[in-house]
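None of the figures in this text is laboratory data; all of them are computed from the coordinates on show. For clarity, every value in this text was computed on a predicted model and none was experimentally measured. Methodologically, a virtual Cβ is constructed for each residue, glycine included, from the backbone with ideal geometry; neighbour enumeration extends over all protein chains shown.
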């Protein structure tokens, strides 16, 4: 790769369809190194990648990509109806190959194939690098697990011809099992060209050459991996905290100094009044002292106002400069199901999505007792989500029985509970019909002094308050919300349903 390959962003301004300003005059140059892009949910990370890949257009400014790009998005739903062959953009060649193998001598087939006789083997080989076995290239992408789709996409972009100058990855490890993650880490370490990756995976971010932290104030570049970024962030945080502490201390010193000056002035005034009462000094001298005292009081008052205004402004600026806390704290209610009660029983359960395919689960048995907490682990495509859907009775087993003895709430990884054509607020009201309009709006507000008492009694504000301002009102989720925000909304919905879950 030539060192001329780069991505140049100039004076970029971008607003969402609801006039939410995400970028204002952004200037940035990305070169052929490994770059990690981090920032809180909703700050615009995925939007920036979509702007770079031309999926979105800036309102003002320009993005010049010098080189070719391989892109692995976070949302694969637009590709669900594609076959694997179509996803790899190899369908015309594979069809031409099939025609030729069936005896076709049509010149168009040979032209389309372009002597690429190993097209099928090459796709299969690329997939195997990410531990993915492809049996049939006509299988629809939507029939695969999210982890399998991610690995399919990684297999594609890491093996583009010609080789990509930049790989752009949006949360690539979200749906990957441990083996697939390690495969990706190794692929990134040996990749010779540029990479831009959005991730919360610290192990992945350790492989980066630089970290770009996206905040409300713009982008700040840290010239090292995630450990370097954390150290620098700790230094910055300590400096901001010290600035805030110093500003509070300065305000107290100012208040004390003003109080001392006022007390001294009050003592002088009291002495003047006593002198006038004694009448042992010339009246002209006493009048002069009185007038001077009045002018001094006015001067002290102005100085006090000016000093207090400066100290309070410094404190407010220091407070504003502190890093906000976007952590979520949820205290789940204690279970009311009796200990050791059987909540779910699966007996000899077998299931497959297609009669032509092997069983995903075969003669599977499981008993769940309260209050067990169970983690379902396994490689991508092993049936983890399928098992949960069987327990939730979203799908039915081909063989065997499933008995569920309690109510449950389900947060699926594709967030299918939400109507993507509606706003979070409208979804919230549909799922909680007893909530009034005002209550529904209040659920999404950042806690204030007036609502603190009410909010302390609930869990959901700790989740909903991190959703970007006014996002919950937007008309279409698919146009305005990212997966993290939607997940927060679904979590909150599940926590505040009127019926208690077990």
- Query: In nanometres, what is the gap between the two model label sites at residue 217 and residue 322, each 7 Å from Cα along Cα-to-Cβ?
  - Reply: 1.5 nm
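Residue 68 to residue 116: FRET efficiency via 1/(1 + (r/R0)^6), r the Cβ-Cβ distance, R0 30 Å, to the nearest 0.05?
0.95
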- How do 343, 337 rank when sorted from fewest to most other Cβ atoms within 10 Å of their own Cβ? 337, 343
- Apply 1/(1 + (r/R0)^6) to the Cβ-Cβ distance of residue 438 and residue 301, taking R0 = 60 Å, and write down the FRET efficiency to the nearest 0.05. 0.85
- Message: Need one number: nm distance between label points at residue 342 and residue 174, each 7 Å from Cα along Cα→Cβ, rounded to one decimal.
- Response: 3.8 nm
- Over the Cα atoms of the stretch 116-245, what Rg and Dmax result, in angstrom? 18.6, 70
- Item | Alpha carbon convex hull of the stretch 342-404, projected area averaged over orientations, nm² | 4.2 nm²
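How compact is the stretch 1-71 by the rule of thumb for globular proteins, expressed as Cα Rg over 2.2 N^0.38 Å?
The stretch 1-71 yields a ratio of 1.11.
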- Mind giving me the FRET efficiency for residue 242 and residue 13? R0 is 35 Å, r the Cβ-Cβ distance, nearest 0.05 is fine. 0.50
- Here the percent of antiparallel bridges among DSSP beta bridges lying wholly in the stretch 150-238, to the nearest 5, is 50 percent
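At 0.36 nm per residue, minus the direct Cα-Cα distance, what do residue 185 and residue 411 gain on full extension? Give it in nm, one decimal, please.
78.5 nm
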